[in-house]
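Below: the structure, in structure tokens.
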Amino acid sequence: MDDAATFDTIAHGHGHAHAHADHEELGFLRKWVFSVDHKVIGMQYAVTGLLFLLFGFTLMMIMRWQLAYPGRPIPLIGNWFGPDKAPGGIMLPEFYNQLGAMHGTIMVFLGVVPLSVGGFGNFVMPLQIGAPDMAFPKLNMMSYWVYFVGGVVMLASFFQLGGAAQSGWTSYPPLSVISNGQTMWLLGMVCLITSSLLGSVNFIVTIVQLRAQGLSFMRLPFFVWAQLVTSFLLLLAFPPLEAASVLQLMDRLAGTSFFLPTGLVVSGKPLAVAGGGNPLLWQHLFWFLAHPEVYVLILPAMGIVGEVIANNTRKPLWGYRALVYSVVFLGFMSFIVWAHHMFMTGMGTTMSAFFQTTTMIISIPSVVILTALLLSLWGASIRFTTPMLFALAFLPMFGIGGLTGLPLGLAPSDIHLHDTYYVIGHFHYVVAPGTIFALFAGIYYWFPKATGRRMNDVLGAIHFWGSFICINTVFMPMFIQGLGGMNRRMYDGGMQYAHNAGLLKWNLVIGMAAWSLGLFQLPFIINFFWSLKAGRPVGNNPWDATTLEWSAPSPPGHGNFLTEPIVYRGPYEYSVPGAAKDFTPTFEPEKP
Amino acid sequence: MNIPYTVEERPDTGLTNGKFGIWLFLASEVMLFGALFSSYILLRVGAEEWPHGELSVPLGTINTIILISSSMTMVMAWASLKMHNWGKHRLYLSLTLLLSAIFLGIKYVEYSEHFGKGEGPWFNNFFALYFTLTGLHALHIICGMVVMLYFLGPGAKLWKANPDQFTNRIEATGLYWHFVDLVWIFLFPVLYLL
Amino acid sequence: MHASDSAAVQQSVRRYITVFVSLMIFTVITVAASRFHFAVPIAITIALIIAAMKGSMVGTVFMHLSHEKQAIYGTLLLTFVFFIVLLFVPLLTVLDRLHF
């Protein structure tokens, strides 16, 4: 059986050992646009996701101008938005609401999940399990293009009369039913949900059915477990939102009153609908998905951090079993906590107690996972590579995000904190210096596998330190603002309320930090493109890693592996006592 | 490229990829219709009064009988393939398609009647739910019919090339179809009888 | 392998026909029961029990669930649990409120 060194000598591309039935040269469209290869599709998802992240972030940078300098014309691009959004360059409240709703929607549904699940999941997972591709390659391609269409529909909504969706990413009726822009949002969501469902079926079947010989479930890399649980969350939690979106579309287009209560009056005129609907019905169906969705946001990130930490500590992950049981338990619990987003809707004490209890319980597996990752650092020989910088930062950042969630999960404290900037601080800590940092770690870590070249470490360090300092400066003050009672989603930054007077200064700090954060992404963007052409070339296993993807060429060719992959041991056999090297890959045969 | 376990079962799971895949998809469909049933429950419990007897029980019953029969013909279409009877398979698959078309025809008649009386989805929440639930269900029937047409048409070529794979695909179609029938088995009493 | 498959399927055909007839009978029963105008909770219970029985027959026999694999059973069990949660928990939050 060949080992990694021999693979190096075989040019990447078509291996001779594998008999391929179909090897005519594909045209450009079939190879790069409508490809059924999971690696191409993964890169399509990743690039599209990154572009949407950048766009969504830009929307926020514009919002932060209004919050830092309410009523002042937006510099440079102020007159790009037209008189119905920003007359004289001054942002209208409606436009602020559009930016807010679309920022959230784009970051969650068009940015993070496509990158973490569609991008990393698609590219890395089949390689990590020793599969030649996904179980359903054509379905995979369809998933990407349906996502793309959904993205286009979402973006197009900015250009329709009345602007884009402006009722928050949460789209609560009755406001969302009577507001502009919502129809495109709903149609876009239907596309995105469909894409997600097709993808999750593909992921689950692939992980269960296409594992290589010797790869039992308890030898799976933690990243794969995370993707498996994530896919179940997407599979079972998204359909209720699809149903709810259909219902809201019916309310908007077919005159139904699923979410419209009787006696609703809009601008002084009674709404001409049958009534009898329930706005809380939307909230239940929305949050039934949206809570598991936040675990969709964090789980792949935890998986990436696990891989990077194991590799850069030269030690096995601490508590593999605990990690696996926790991630599965977390996935299950995520389905029964959703109404902690609805403590203020008037539910009685029994159900409130139920949801508070399940919410407290769900913090346990999260803490176990964080603790296991932290303990993995104990006694480690840490290599401060760029991916490791981001992975290390993830730990305390996720810690802050998680801990700040606790007062929100308890109804008495939530009364004061609900819908304040405290909530914004909490969830951004988990998603921004949490998940997005983990995604950066993943990019720096797997870029060599995907391209055959390393990214530059100096630019990586600048990207990391600048982002780390700025991102904390953006979100930490939000806890202060929230505890002081500053409401979220106010286009004037809270100026109109006297109790906010002492908190307004933070808006300027946050704005400056946000714009600086934007600037610090430039080293990353430059690094990414420069390294594609001129990064240092690497072989199969530049990080001296143990998992299966590092046995394939960099980048892998069609079919991924040059010989059939076989797994001989667990995924994190680093520093095995008595071994010649400080890592024993899973694919290295036992010495006779 | 050859993806393993497309036709032969993986030894430890006992499944083909397609079989597992279609069941996972059906699981998501359970959640989709579940959300709509949940909406029905919430809206009906919250309503002061709820319409009764608005729908034609005879037409609903006939449609129930038709759909259950189509489930029978669908499973026979698969069974015929297992018994290597191509002719019987074509007959049963065509019958399933025909029964589906009749089901849709009757639904069209029902819908027209209601719209004629001004009883659209806007009329009240009962009709909103009725049209949404049966409409989504009908959409699923249409999609199923498209798939059946494909397997009666260009898709049939696979029987010659890879009979086992073709049989598996018909089985998957059948599973989807039985699920559509199953949804109706619950929809019918909930909407028409209760 | 194919010959024994074929024979096994032939056995199944008799089961399919039995189930088909049962489904027809239950359909008639469910319509007949609705003519009795029971109190709403009782009517709902009866209708759902009959529907569940019909559904189980379609599931176990037509959909071959009676001899399926662990992975499928596990998926369906998980789905069923969340289905019940989705169906009843939102209602409970609303009902709870009505009992201040």
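The values are calculated or read from the model by the stated rules, or taken from the named source; none is laboratory data. This is a predicted model, so every value here is computed, not measured. Positions of Cβ are generated from backbone atoms using ideal geometry, with glycine treated the same way; all protein chains shown enter the neighbour counts.
Annotations for the structure displayed:
- Condition met for residue A:221 (touching a residue at least 40 places away in the same chain (Cβ under 8 Å) and more than 13 Å from chain B (Cβ to nearest Cβ)): yes
- Residue in the stretch B:96-118 that is free of Cβ contacts under 8 Å to residues at least 60 places away in the same chain, over 19 Å from residue B:181 (Cβ atoms), facing another protein chain (nearest Cβ under 9 Å) and among the β-branched types (Val, Ile, Thr) present: no
- Only one of A:228, A:241 that is in contact with a helix residue (DSSP H, G or I) (Cβ under 9 Å, 6 or more places away or on another chain), more than 9 Å from chain B (Cβ to nearest Cβ) and closer than 20 Å to residue A:296 by Cα: A:228
- The C-beta contact set for the stretch A:515-528 (first residue at pLDDT 95 or above, second residue β-branched (Val, Ile, Thr), distance under 7 angstrom, 6+ apart or interchain) comprises A:517/A:471; A:517/A:474; A:523/A:462.
- Total residues in the stretch A:473-489 satisfying the condition of being crowded, with 19+ Cβ neighbours inside 10 Å and not aromatic (Phe, Trp, Tyr): the figure is 6.
- Flag for residue B:119 being in a helix (DSSP H, G or I) and acidic (Asp, Glu): no
- Residues of the stretch A:354-388 classified as buried (at least 19 other Cβ atoms within 10 Å of the Cβ) and either part of a loop (DSSP other than H, G, I, E, B) or in contact with a His (Cβ under 9 Å, 6 or more places away or on another chain) (or both), total: 6
- Count of the stretch A:522-557 residues which are farther than 23 Å from residue A:310 by Cα and surrounded by fewer than 18 Cβ atoms within 10 Å (Cβ to Cβ): 10
- In summary, residue A:350 fulfils each of the numbered conditions (1) more than 13 Å from every other protein chain (Cβ to nearest Cβ); (2) modelled with pLDDT under 95; (3) part of a helix (DSSP H, G or I) with the single exception of condition (1).
- Scanning the stretch A:159-200 for residues that are assigned to a helix (DSSP H, G or I), over 25 Å from the mean Cα position of the chain (by Cα), surrounded by fewer than 24 Cβ atoms within 10 Å (Cβ to Cβ) and in contact (Cβ under 8 Å) with a residue 40 or more places away in the chain yields a single hit, A:178.
- Among the candidates A:307, A:293, the residue that is touching a Pro at 6+ places or on another chain (Cβ under 8 Å), of a type in the set (D, E, K, R) and at negative phi is uniquely A:307.
- Scanning the stretch B:67-95 for residues that are more than 12 Å from chain C (Cβ to nearest Cβ) and either surrounded by fewer than 20 Cβ atoms within 10 Å (Cβ to Cβ) or of a type in the set (Ser, Thr, Tyr) (or both) yields a count of 6.
- Out of A:510, A:480, A:462, one residue alone is part of a helix (DSSP H, G or I), over 30 Å from residue A:532 (Cβ atoms) and in contact with a Pro (Cβ under 7 Å, 6 or more places away or on another chain). It is A:510.
- Test: residue in the stretch A:263-279 that is farther than 21 Å from residue A:583 by Cα and either within 12 Å of chain C (Cβ to nearest Cβ) or part of a helix (DSSP H, G or I) (or both): yes
- Boolean, residue A:256 is surrounded by fewer than 24 Cβ atoms within 10 Å (Cβ to Cβ) and in a loop (DSSP other than H, G, I, E, B): no
- Among (1) at pLDDT 95 or above; (2) surrounded by fewer than 17 Cβ atoms within 10 Å (Cβ to Cβ); (3) not aromatic (Phe, Trp, Tyr) - the single one residue A:590 does not satisfy: (1)
- Those residues of the stretch A:27-36 which are part of a helix (DSSP H, G or I) and of a type in the set (Phe, Trp, Tyr), in sequence order: A:28, A:32
- Answer residue from the stretch B:123-181, given it is within 30 Å of residue A:277 (Cα to Cα) and not in a helix (DSSP H, G or I) and is nearest to the other protein chains (Cβ to nearest Cβ) among those: B:124
- Some residue of the stretch B:8-16 being part of a helix (DSSP H, G or I) and either within 29 Å of residue C:84 (Cα to Cα) or within 7 Å of chain A (Cβ to nearest Cβ) (or both): no
- Considering residues of the stretch B:51-63 that are among the polar types (S, T, N, Q) and in a helix (DSSP H, G or I) only, the residue nearest to the other protein chains (Cβ to nearest Cβ): B:61
- With respect to being among the polar types (S, T, N, Q) and out of contact with any helix residue (DSSP H, G or I) (no Cβ under 7 Å at 6 or more places or on another chain), residue A:500 fits the description.
- Some residue of the stretch A:69-85 being aliphatic (A, V, I, L, M), within 28 Å of the chain's Cα centre (by Cα) and farther than 24 Å from residue A:526 by Cβ: no
- Residue count for the stretch C:46-77, restricted to those that are more than 9 Å from chain B (Cβ to nearest Cβ) and either outside any helix (DSSP H, G or I) or acidic (Asp, Glu) (or both): 0
- Test set (1) within 18 Å of residue B:65 (Cα to Cα); (2) more than 7 Å from every other protein chain (Cβ to nearest Cβ) - residue C:42 fails condition number: (1)
- In the stretch B:27-50, the qualifying residues are those that are hydroxyl-bearing (Ser, Thr, Tyr) and at the interface with chain A (Cβ under 7 Å from one of its Cβ atoms), and the one that is surrounded by the most Cβ atoms within 10 Å (Cβ to Cβ) is B:39.
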